[in-house]
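Trainee: Have a look at this one before I ask anything.
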């Protein structure tokens, strides 16, 4: 071979993008969905699947309950390419055959929601064992409304709302004006929000792999701002918060918006953001979701530049899907 070509070949190999890596090199993600009180869930699942795959770092499968809820027309617009006929029922119903093999994946992302029917006990045990054994879990928005009476799940997610959660579920956790974590154990229900609006995300842990290098504050797209979430909040780190403004029926407090939880040997990334396709399309949401999924899968995040279209302190940035 011409010796002059060797440096050129070496250079070409060095700049091959991650997206060209083989499937064996990629992290395996499983999105679980099928029952959600937010009707946009079929589209948001499709969006999150696309965002993860577009990085070149993930392959993504979807495991869906046979008996779906609130999917409607969007379920037909964003079907799975698996040949199955999913039934959209007027009320949630337990699917006795919903038994994903979590152990086949590096990370599981839940896009379930409030009033989702209970899983088979075998499935609940399998997820608990998977996370405890070192698996990764991502909780998005209404997934923290699910399964209020499942103690192990509440430990996994740190904080949750609705579905019977109250002071017995754990303290209401927020940050005061000095940035100190408050664990309010007074009586009260868990979970509330005012009307949707854009709001400022403030990074509280700038050196964590998920948030490192991101702007310290940025505008999130129009979304529900979850507040008064309750839970065990054990081994939980609050990475970012949003101020719940009283003019939007807020608490006048700084509510957790990005969190990590250590659960035995496993890792959980939890974001209460992502109500619908508008908020899921926010570049800040996309970036932290991708980073959070990678951290949950591996415990670290490979360095990547902050996207050029990342939101600023005053400007929302949303990608079309």
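Trainee: Is there a residue in the stretch 261-269 that is surrounded by fewer than 16 Cβ atoms within 10 Å (Cβ to Cβ), out of contact with any strand residue (DSSP E or B) (no Cβ under 8 Å at 6 or more places or on another chain) and assigned to a loop (DSSP other than H, G, I, E, B)?
Mentor: Yes, the conditions are met somewhere in the stretch 261-269.
Trainee: Something else about it: What about residue 319, is it over 16 Å from the mean Cα position of the chain (by Cα) and closer than 19 Å to residue 111 by Cβ?
Mentor: Yes, satisfied.
Trainee: Search the stretch 86-114 for residues that are within 21 Å of residue 37 (Cα to Cα) and pair each with any residue that is surrounded by fewer than 15 Cβ atoms within 10 Å (Cβ to Cβ) and modelled with pLDDT under 95 when their beta-carbon atoms are under 8 Å apart and the residues are at least 6 apart or on different chains.
Mentor: From residues that are within 21 Å of residue 37 (Cα to Cα), the pairs are 88/72.
Trainee: Could you run through the stretch 117-134 and say how many residues are buried (at least 24 other Cβ atoms within 10 Å of the Cβ) and in a loop (DSSP other than H, G, I, E, B)?
Mentor: Counting residues in the stretch 117-134 that are buried (at least 24 other Cβ atoms within 10 Å of the Cβ) and in a loop (DSSP other than H, G, I, E, B) gives 1.
Trainee: Also, I was wondering about something else. Looking for something over 20 Å from the mean Cα position of the chain (by Cα) and in a strand (DSSP E or B) - is there at least one such residue anywhere in the stretch 89-98?
Mentor: yes
Trainee: Ok, one more. Scan the stretch 195-222 for residues that are surrounded by 22 or more Cβ atoms within 10 Å (Cβ to Cβ) and free of Cβ contacts under 8 Å to residues at least 60 places away in the same chain and jot them down.
Mentor: If the condition is that a residue be surrounded by 22 or more Cβ atoms within 10 Å (Cβ to Cβ) and free of Cβ contacts under 8 Å to residues at least 60 places away in the same chain, then 199 is the only one that fits.
Trainee: Now for a different question. Of all residues in the stretch 137-181, count the ones that are without any contact (Cβ under 8 Å) to a residue 24 or more places away in the chain and over 30 Å from residue 102 (Cβ atoms).
Mentor: 2
Trainee: So, one more: Count, please, the residues in the stretch 277-298 that happen to be touching a helix residue (DSSP H, G or I) at 6+ places or on another chain (Cβ under 7 Å), under 22 Å from residue 191 (Cα atoms) and surrounded by fewer than 24 Cβ atoms within 10 Å (Cβ to Cβ).
Mentor: 2
Trainee: Here's another thing I want to ask about it. Is there a residue in the stretch 24-36 that is closer than 27 Å to residue 196 by Cβ, at pLDDT 95 or above and in a loop (DSSP other than H, G, I, E, B)?
Mentor: yes
The values are calculated or read from the model by the stated rules, or taken from the named source; none is laboratory data. Everything numeric here is computed off the predicted structure, so don't read it as measured data. Neighbour counts are summed over all protein chains in view; Cβ atoms, including those assigned to glycine, are modelled from backbone coordinates with ideal geometry.
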